[in-house]
Amino acid sequence: MANSLQAVRGMNDLLPGETALWQSLEATLRAVLGAYGYQEIRLPLVEKTELFARSIGEVTDIVEKEMYTFADRNGDSLTLRPEGTAGCVRACIEHGLLHNQTQRLWYIGPMFRYEKPQKGRYRQFHQVGAEAYGMIGPDIDAELICLSARLWRQLGIRDVVLQINSLGSSAARAVYRERLIAYLSTRQTELDADSQRRLHTNPLRVLDSKNPAMATVIAEAPSLLDHLDADSQAHFEGLQALLNTAGVAYVINPRLVRGLDYYCKTVFEWVTDTLGAQGTICAGGRYDGLIAQLGGEAVAGVGFALGLERLAAMLAASGYPAAEAPLHVYLVLAGDAAQHAGLALAERLRNEAPGLRVRMHCGGGSFKSQFRRADASGAQFALVLGEDELAAKTVTIKPLRATATPQLTLPVDQAIAYLQAAMQNGHP
């Protein structure tokens, strides 16, 4: 009978053939974040639902339609995290990380949103986020953007464009919001159902609509940049000057908004046309009021998040060289005595030659079948332990890839030295 158990829709397995690329991507991310002095923080998968309702906004799509929320055994409402910033802020407040100090933090892990699964958008997805606290100027905004630009260079990603905008202060945005509602109300018959629903609850999100039929309405809407307060205008001009100095190219997109309520001033996205409709691979901005909103001190914050599935898809399509490191050695064993000796030899190899990748044959089988498995494993060498080798306290080294290299039978100490030299002289 066929197995009917399958992964939950939109929650995908990453198989061994795929994880090498992810490991390489994650290693690059860690290296770049470390180069800028960001420290890793590890956060729970589950938070109190109230955290997201208060931070993201109760009338956002995420809170209204997309969160995985449930009551635990005590009747508390809990939610699988749909994003990382709120949990990071909660942890900083709870552990006193923001009192009279600045922080540069990053996190990595799965997030959960109940969305229609499609390429680059899943119900369980993985994000890396970087957050900086306690710095009010545009310099930290520019640093985060430079960090992300460096990441693309390190990964060899070229087909991305930086879009920036300013949402201004909450007071200036409130004035703009009323003007936008008035304008959209005059065009209400041209709005799609989603935009009509958002008209009075979250009208800025109408500007983010990807519906081609709404393009003219959005293009003719009043611009938020024309309604910035003086401080936000100076901040935005300062950011542009810093990006110009750093040589980071950008496009000002006055229609760029973020889907979460807590953003203010700088917002930015890195977008690409290589992933179809899901073109944003990294997005972020400033959220100076969020920490106080969640009960902390009035501390400034700015950050970004990037989706690993979308990055991995781009890298796979570009032929990114990320193969799992092959084995150096596969132990072929004949008989019970060789099984015992082989286990001891495998451990000794790992002890005395750190970095040597060793697999011992398990499960029995003939010499012929073991050699087939050794060859299929991709190992550079088969190490053979049979009755003759055990009696002479030797091991036979059979090259599996370099056919011109002769087979050798050596004392165990010499065999270990031979393999160490082979590894240092170019075997991967």
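Can you list the lysines whose alpha carbon sits under 24 Å from that of Lys265, skipping same-chain ones fewer than 8 residues off?
Lys210
Over the chain, with a Gaussian network built from C-alpha contacts below 10 Å, which listed residue (Ser185, Ser170, Ser232) shows the highest mean-square fluctuation?
In this elastic network of the chain, the residue with the biggest mean-square fluctuation among Ser185, Ser170, Ser232 is Ser185.
Just grab the label-to-label distance for Lys65 and Leu408, each label 7 Å out from Cα along the Cβ direction, in nm (one decimal).
6.7 nm
Counting other beta carbons within 10 Å of each Cβ, put His328, His200, His227 in order, fewest first.
Listing His328, His200, His227 from fewest to most nearby Cβ atoms yields His200, His227, His328.
Using 7 Å Cα-to-Cβ label points, what is the Glu387/Ala27 separation (nm, one decimal)?
Simple spin-label model gives 4.4 nm for this pair.
Note the full-extension length gain between Ile136 and Cys362 as 0.36 nm times their separation in residues minus their Cα-Cα distance, in nm to one decimal.
75.4 nm
Counting other beta carbons within 10 Å of each Cβ, put Ser148, Ser77, Ser4, Ser366 in order, fewest first.
Least crowded to most crowded, the residues run Ser4, Ser366, Ser77, Ser148.
For Ser377 and Ala417, FRET efficiency with R0 = 30 Å and r from the beta-carbon atoms, rounded to 0.05?
Rounded to the nearest 0.05, the efficiency is 0.85.
Kindly put Arg198, Arg286, Arg150 in sequence by how many other C-beta atoms sit within 10 Å of each C-beta, fewest to most.
Arg150, Arg198, Arg286
Given the Cα-Cα distance of Tyr320 and Val251 and 0.36 nm per residue of separation, how much length would full extension add, in nm?
Taking Tyr320 through Val251 to full extension adds about 22.1 nm, to one decimal.
Roughly speaking, what is the centre-to-centre gap between region 281-302 and region 79-132 when only Cα atoms are used, to the nearest Å?
12 Å
Could you name the lysines in cross-link range of Lys393, using Cα to Cα under 28 Å and dropping any fewer than eight places away on the same chain?
Leaving aside lysines fewer than 8 places away in the same chain, those within reach of Lys393 are Lys368.
Taking springs between alpha-carbon atoms closer than 10 angstrom, which of Cys146, Cys362, Cys282 fluctuates most in the Gaussian network model of the chain?
Cys362
Using Cα pairs closer than 8 Å and at least 6 residues apart in sequence, work out the relative contact order for region 329-424, in percent.
29 percent.
Provide the gained length on full extension for the span Leu15 to Ala241, in nm with one decimal, where the gain is 0.36 nm per separating residue minus the Cα-Cα distance.
76.9 nm
If you keep only loop residues by DSSP, which GluC sites (Glu not before Pro) in region 1-90 have at most 15 other Cβ atoms within 10 Å of their Cβ?
Loop-located and lightly packed - Glu58.
With each label point set 7 Å from Cα along the Cα-Cβ vector, what nm distance links Glu178 and Glu190?
Result: 2.4 nm between the two label points.
Would you list the membrane-span-like helices of the chain, meaning whole DSSP H runs whose alpha-carbon atoms span at least 20 Å along their axis and whose mean Kyte-Doolittle value is at least -1.0?
In the chain, the long hydrophobic H runs are 16-35, 138-155, 170-186, 230-246, 336-352.
Calculate the translational D of the chain in whole µm² s⁻¹ from Stokes-Einstein, where the hydrodynamic radius comes from the Kirkwood formula applied to all Cα pairs, the temperature is 20 °C and the viscosity 1.002 mPa s.
Result for D is 85 µm²/s.
Mean residue ellipticity at 222 nm from the helices of the chain, using -39,500 (n - 2.57) per DSSP H segment of n ≥ 4 over the full residue count, to the nearest 500 deg cm²/dmol?
Computed ellipticity for the chain at 222 nm equals -11500 deg cm²/dmol.
Would you pull out the residues with amide H under 5 Å of His126's amide H, same chain only if 5 or more places away, H placed 1.01 Å from N?
It is Met111, Leu308, Glu309, by chain and number.
Filter the trypsin sites (Lys or Arg not before Pro) in region 356-397 down to the DSSP loop ones having no more than 14 other Cβ atoms within 10 Å, then list what survives.
Lys393
Any read-out appearing in this document is the output of simple, stated calculations on the displayed coordinates, not a laboratory observation. All figures in this text were calculated on a predicted structure; none of them were measured in a lab. Because the Cβ atoms are built from the backbone with ideal geometry, glycine has one as well, and the counts that use them run over all protein chains shown.
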